[in-house]
1. Roughly how tilted is helix 193-206, in degrees to the nearest 10 and between 0 and 90, from the longest Cα axis of the chain?
2. Which pairs break 19 Å Cα to Cα here: LYS155/LYS240; LYS131/LYS240; LYS205/LYS240; LYS10/LYS240?
3. With runs of 4+ DSSP H residues as the only contributors, calculate the mean residue ellipticity of the chain at 222 nm using -39,500 (n - 2.57) per run, divided by the residue total and rounded to the nearest 500.
4. Order the peptides 129-142, 218-231, 85-98 from the highest to the lowest mean number of other Cβ atoms within 10 Å of their residues.
5. Is the C-alpha gyration tensor of region 196-305 telling us rounded, prolate or oblate? Criteria: a/c under 1.5 is rounded; beyond that, a/b larger than b/c is prolate, otherwise oblate.
6. Give the angle, between 0 and 90 degrees and rounded to the nearest 10, that separates the Cα long axis of helix 126-135 from the longest principal axis of the Cα atoms of the chain.
7. Semi-axes of the equivalent ellipsoid for region 1-80, please: Cα gyration tensor eigenvalues, times 5, square-rooted, ordered largest first, whole Å.
8. What is the set of long-range amide H partners of ASP265 at a cut-off below 5 Å, with H atoms built 1.01 Å from backbone N?
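The values are calculated or read from the model by the stated rules, or taken from the named source; none is laboratory data. Just so it is clear, the structure is predicted and the values come from calculations on it, not from any experiment. Virtual Cβ from ideal backbone geometry, glycine too; neighbours counted across all protein chains shown. Quick note on the areas: whole protein, heavy atoms, side chains included, nothing else; ligands and nucleic acids left out. Shrake-Rupley method; radii C 1.70, N 1.55, O 1.52, S 1.80 Å.
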Amino acid sequence: MTVGYELISKDGAARRGRLTTAHGTIETPAFMPVGTAATVKCMLPDSVKATGAEILLGNTYHLMLRPGAERVEKLGGLHRFMNWSGPILTDSGGFQVMSLSKLRKISEQGVTFQSHVDGKSHELTPESSMKIQHQLDSNITMCFDECTPFPVEKKDAAESMRLSMRWAQRSRDAFVDRDGYGLFGIVQGSVFEDLRHESIEALTKIGFDGYAVGGLAVGEGQEAMFSTLDFTTPSMPEDKPRYLMGVGKPDDLVGAVERGIDMFDCVLPTRCGRTGQAFTRRGTVNIRNARHAEDPRPLDPGCACPCCRDYSRAYLHHLFKTGEVLGLMLLTWHNLAYFQEVMAGLRSAIEGGRLKEHAAAFRTEQALGDI
Ligand SMILES: Nc1ccc2nc(N)nc(O)c2c1
Ligand SMILES: [Zn+2]
């Protein structure tokens, strides 16, 4: 069996499941911390594990540029290289090429681009992306696709989606099947219902171990994202995991789980942890704000992470005002722990058939705002 998915229980459109890979299982709904350059920034792997995360995300684009997929392979693969023994999912590179590199050229063959690091030119195709993700020893490989930009004319969205579907077939053909390793297709079609359905049909005909919703979290806003999910997830295979790429804030996670999404990845908890923005059950807190300068209380008294357990807001404020690295570490740890707590709450609410009440209570508490 490649990557196995077990649907344990449902609550409306929401699902409680379990993914099994060669490097361990993942309880879903799940949030994947982003480990772009083979590290979850500011965190030791054991600390990431302590937050409750079971699976990490890596990036083909960054790792092919530095240190190179061949080198990671020679050193035993990404798990060994970064000392993460759990499952790893890697994105296929197309999205990052478009958002990071210079002088990109897209053709039927693939994309050519100049590295944002040293300006050297590179090519990514469905075949080379599959090879790189194999060299990294990724448990879940993502198809090579084009993330359709937003806003977009419908005819351009159709053209972009159809290119991604042809690349999905080539990705499937080039993927090396191994027990405990899987390949996920990526649904495109922007915010257009018929295009999303055409994409799902094309991907299910090819057959994948999971299906991602791509082309969202690209500036469309939460309302358009949720309405797109409303007509997309119900048509996705019920017996395979659904992964919403690049999402999101805590309330995005809750709303998307209510709409049938099982997996997420987002840079927010780690990136905001480094800029002093904390996510808490009562909304966000900017620890650099002067109001925290003498506040002896923890960031979130309801949180059991080391940041909230052992340090005051005043101390965190001091660390950020002085640019001390410990501040970045503590707030990153807290944010990741909070995101995992949101997911654990959703998993148990679905199991208990009380997701509606749980989501309502979540939103009420978020709206209270920090005191
Ligand atoms: N918002 C996002 C984030 C990552 C993505 N990665 C791929 N491969 N495709 C997309 O459409 C993405 C969208
Ligand atoms: Zn905390």
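1. Tilt of helix 193-206: around 70 degrees.
2. Values: LYS155/LYS240 29 Å; LYS131/LYS240 24 Å; LYS205/LYS240 14 Å; LYS10/LYS240 14 Å.
Listed pairs above 19 Å: LYS155/LYS240; LYS131/LYS240.
3. Details: 15 runs with 158 residues, N = 371.
When only DSSP H runs of four or more count, the value is -12500 deg cm²/dmol.
4. Descending mean neighbour count gives 129-142, 85-98, 218-231.
5. Working: a/c = 3.12, a/b = 2.74, b/c = 1.14.
Cα axes put region 196-305 in the prolate bin.
6. So the inclination is approximately 50 degrees.
7. Working: eigenvalues 154, 46, 26 Å².
Ellipsoid half-lengths, sorted descending, are 28, 15, 12 Å.
8. The list, which skips near neighbours in sequence, is MET32, GLY246, VAL247.
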